[in-house]
Amino acid sequence: MARLLIVACLLAIVLSLGSALVHLVRDKGESQKMARALTVRVVLSVLLFALLMVAWWLGWIQPHAR
Amino acid sequence: MANAPTSTASEKYYVPHGSPWPIIGSVSLFTTVGGGAMWLNHVHAGPWILTLGIALLVFMFVGWFGVVIRESEGRLYNAAVDRSFRMGMMWFIFSEVMFFAGFFGALLYARQFSVPWLGGEGTKLLTKVIRGDTFEATWPSNGPGHIGGEFRVIPAFGLPAINTAILLTSGMTITIAHHALKAGKRQVLNIFLAATFLLGFLFVYLQAHEYIEAYTTHNLKLSTGIYGSTFFPLTAFHGFHVTIGALMLLVVWFRCLKGHFTPTHHFAFEGVAWYWHFVDVVWLGLFIFVYWL
């Protein structure tokens, strides 16, 4: 379950990054959409890092070396 | 190339005349690859030729990008040129995604298929019987031959976690700089952009420390079987990308200090910022799949 959540979060991050690339190509610097998509990317990434730490703390996942 | 009349710049697609940079680029690439090939074939001059090639490449990048920056600031580029830059960025990123997909794919294949097969999983039981060893498929592993001997992997809660926090912070600082540029807040832009490339160089410095630790205390090397030969290329190529990204951020920072870019005219910033987010996301993938899952 934790692994699924982590991979889903990573996919959402990739999607927001991809969305920012589309706006980079299409909007030509004139809109806020690219900056907003990248903000979503950063927020999701911080959440993913927090999720990793919480999942480890709850004993759901373990790193390869301890 | 400086002779193009600026009065017609917005109407015609700007094409530089008599630029020496493409041929310098070709010669430098040929010299670099030739030097590398000679080195691999134990030709004594190989490393020197490779160094010369890399020096020529750096000269070419500095010179060519300098020309492009001056042309851009001289408003020689119209909307069509801008579009071609953005399309170029998209295809460059496509090649980067394919590049990292190859390395992540190799890691996935080794972990999910080849190592379990060598351990006798599924229909490959006969392989294990014929080989007649006691290899049990686990990960991390250097394979049935124990190539490179006993090794320990780098713990996630050491430098890798610190480096993840550093890159995530740099992701935040570049985002703040991006919003500041769009809002015309130049001082905030300059401060947070500087913080971003400094964090990037700090990441590379700590990554170098991690490698020293791996080689000296963990016996984890490039030659440590399948683990070493997936771990080092993935992390090293990522580190190389962070280095390039931080250098590009540094150049963009100098341009910001010189007053380049406006809230609606800043493709170089956008391209570098997006690239930085990309290397950040690649690291997140690395951190998860190499150190955790």
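Readers should treat all values here as calculations from the given coordinates under stated rules, not as data from a laboratory. Remember, predicted model here, so these are calculated numbers, not experimental data. Cβ coordinates were reconstructed from backbone atoms using ideal geometry, including for glycine residues, and neighbour counts include every protein chain displayed.
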Give me the lysines in straight-line cross-link reach of B:Lys128: C-alpha distance below 28 Å, same-chain residues under 8 apart excluded.
B:Lys221
Please list, in order along the stretch B:76-82, the HN-Hα scalar couplings obtained from phi with the Karplus expression 6.51 cos²θ - 1.76 cosθ + 1.60 (θ = phi - 60°), rounded to whole Hz, x for Gly and Pro.
7, 9, 9, 4, 5, 5, 4
Taking R0 as 30 Å, what FRET efficiency do you get between B:Leu125 and B:Ile147 from their Cβ-Cβ distance, rounded to the nearest 0.05?
0.85
B:Val27 versus B:Trp139, label points 7 Å from Cα toward the beta carbon: distance in nm?
4.8 nm
If contacts are Cα pairs under 8 angstrom and at least 6 residues apart, what is the relative contact order of chain B in percent?
16 percent
What does the net charge come to around B:Ile166 if you take all other residues with beta carbon closer than 15 Å to its beta carbon, with K and R at +1 and D and E at -1?
-2
What FRET efficiency would be calculated for the residue pair B:Leu293, B:Arg75, taking the C-beta separation as r and a Förster radius of 56 Å, to the nearest 0.05?
0.65
Please tell me the relative contact order of the stretch B:17-76 in percent, rounded to the nearest whole number, where contacts are Cα pairs under 8 Å and at least six residues apart.
32 percent
Answer in debye to the nearest 20: the dipole magnitude of the protein assembly as shown about its Cα centre, from +1 Lys/Arg and -1 Asp/Glu charges placed on Cβ, is 580 debye
Partner aspartates and glutamates for A:Lys28 [C-alpha distance under 13 Å; skip if fewer than 8 residues away on the same chain]
B:Asp82, B:Glu270
Using a 10 Å cut-off around each Cβ, can you sort B:Met87, A:Met34, B:Met248 from fewest to most neighbouring Cβ atoms?
B:Met87, B:Met248, A:Met34
Assigned charges on the beta-carbon of Lys, Arg, Asp, Glu; chain B dipole about Cα centre (debye):
480 debye
22 Å Cα-Cα threshold exceeded, pairs from A:Lys33/B:Lys185; A:Lys33/B:Lys12; B:Lys182/B:Lys258:
A:Lys33/B:Lys12
Asserting the computed 222 nm helical MRE of chain B (DSSP H runs at least 4 long, -39500 (n - 2.57) per run, divided by residue count, to nearest 500) equals -24000 deg cm²/dmol
Could I have the simple spin-label model distance between B:Val58 and B:His42, label points 7 Å from Cα toward Cβ, reported in nm to one decimal?
3.1 nm
Tell me which of B:Gly143, B:Val68, B:Trp292 sits at the most positive position along the dipole axis of the protein assembly as shown, charges placed on C-beta atoms (Lys, Arg +1; Asp, Glu -1).
B:Val68
Karplus (6.51, -1.76, 1.60) ³J(HN,Hα), θ = phi - 60°, over the stretch B:110-115, in Hz, Gly and Pro reported as x
5, 6, 8, 10, 5, 5
Here the residues of the stretch A:27-66 lying in the modelled label zone of A:Ala12, meaning backbone nitrogen under 13 Å from a point 7 Å along Cα-to-Cβ, are A:40-52
Virtual spin-label span in nm between B:Ser84 and A:His64, 7 Å along Cα→Cβ
4.5 nm
Using 1/(1 + (r/R0)^6) with R0 = 56 angstrom and r between the beta carbons of B:Tyr215 and B:Ser19, what's the FRET efficiency to the nearest 0.05?
0.80
Which stretch or stretches of the stretch B:126-169 have amide N atoms under 20 Å from the point lying 7 Å from B:Trp117's Cα along the Cα→Cβ direction?
B:126-147
